[in-house]
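To keep things clear, I will list the structure first and then write my remarks on it.
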Amino acid sequence: MVLGINRNASDDVELMPVALDVKDPPLKGGLTPKQIRQVVEYIEKSLATTIMIKELSRVCRLSTSYFARAFKVTMGDAPRDFITKRRIRRAQVLMLTTNDTLSAIACACGFSDQSHFSRLFRKMVGETPLRWRRTWKREEDVRPPLNGLPEESITMKAA
């Protein structure tokens, strides 16, 4: 799965929620719903800073190695990959809702510099941040407004 905004055949843009459902019973060897909620809240609050696996494991009161395995079982991604996807998603929202430079957005989302951000963005989304922003800014009449929608409303698209 790759981050993006789905566009269907009739040129309409779909924004669909991809929020976590933490009411499901925990998977064997996974995190509890409470631990998932705590970790995701911590990640969201800390996206602009460096997030260490050790810090996340402390939030759950688990050893680092057990936390990393349990996180992957529960979320389907390693903690580092999950954090990177959240950062890319936050960057997409900022690109659509602000006129900040890509460099400022990269820093606000916790990337070390714009080059690192651009490399990861292109790898995950399939195009450069500038091209993605220009495409979606140009089509503002087609795209429904993001006012009041949570970041999770940007959908995942298949690679």
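Structural remarks
- Condition broken by Arg89, with the remaining ones in (1) surrounded by fewer than 19 Cβ atoms within 10 Å (Cβ to Cβ); (2) charged (D, E, K, R); (3) closer than 14 Å to Trp132 by Cβ satisfied: (1)
- Tallying residues that are open to solvent by less than 90 Å² (accessible area, probe 1.4 Å) and either modelled with pLDDT of 50 or more or in contact with a Lys or Arg (Cβ under 7 Å, 6 or more places away or on another chain) (or both) within segment 8-26 yields 5.
The rows are residues; the columns are (1) modelled with pLDDT under 95; (2) among the hydroxyl-bearing types (Ser, Thr, Tyr); (3) in a helix (DSSP H, G or I).
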{"residue": "Arg80", "(1), (2), (3)": "no, no, yes"}
{"residue": "Ile83", "(1), (2), (3)": "no, no, yes"}
{"residue": "Arg86", "(1), (2), (3)": "no, no, yes"}
{"residue": "Leu96", "(1), (2), (3)": "yes, no, yes"}
{"residue": "Ser112", "(1), (2), (3)": "yes, yes, no"}
{"residue": "Leu130", "(1), (2), (3)": "yes, no, yes"}
{"residue": "Trp136", "(1), (2), (3)": "yes, no, yes"}
{"residue": "Pro145", "(1), (2), (3)": "yes, no, no"}
{"residue": "Glu152", "(1), (2), (3)": "yes, no, yes"}
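- Qualifying residue in segment 98-108 (condition: hydroxyl-bearing (Ser, Thr, Tyr) and either in contact with a Ser or Thr (Cβ under 8 Å, 6 or more places away or on another chain) or more than 30 Å from Thr135 (Cα to Cα) (or both)): no
- Selection within segment 68-81: residues that are aliphatic (A, V, I, L, M) and over 16 Å from the mean Cα position of the chain (by Cα). The member of this set that is least open to solvent (accessible area, probe 1.4 Å) is Ala70.
- Qualifying positions in segment 108-122 - within 15 Å of Glu44 (Cα to Cα) and open to solvent by 40 Å² or more (accessible area, probe 1.4 Å): Ala108
- Hits in segment 30-67 (condition: open to solvent by 50 Å² or more (accessible area, probe 1.4 Å), in a helix (DSSP H, G or I) and among the polar types (S, T, N, Q)): Gln38, Thr64, Ser65
- Test set (1) loosely packed, with under 13 Cβ neighbours inside 10 Å; (2) at pLDDT below 95 - Val125 fails condition number: (1)
The values are calculated or read from the model by the stated rules, or taken from the named source; none is laboratory data. Note that the structure is a prediction, hence the values are computed from the model and not measured. With ideal geometry, Cβ positions are generated from the backbone for all residues, glycine too; neighbour counts draw on all protein chains shown. Please note that ligands, DNA and RNA were not included when accessible areas were found on the heavy atoms of the full protein model with its side chains. Shrake-Rupley method; radii C 1.70, N 1.55, O 1.52, S 1.80 Å.
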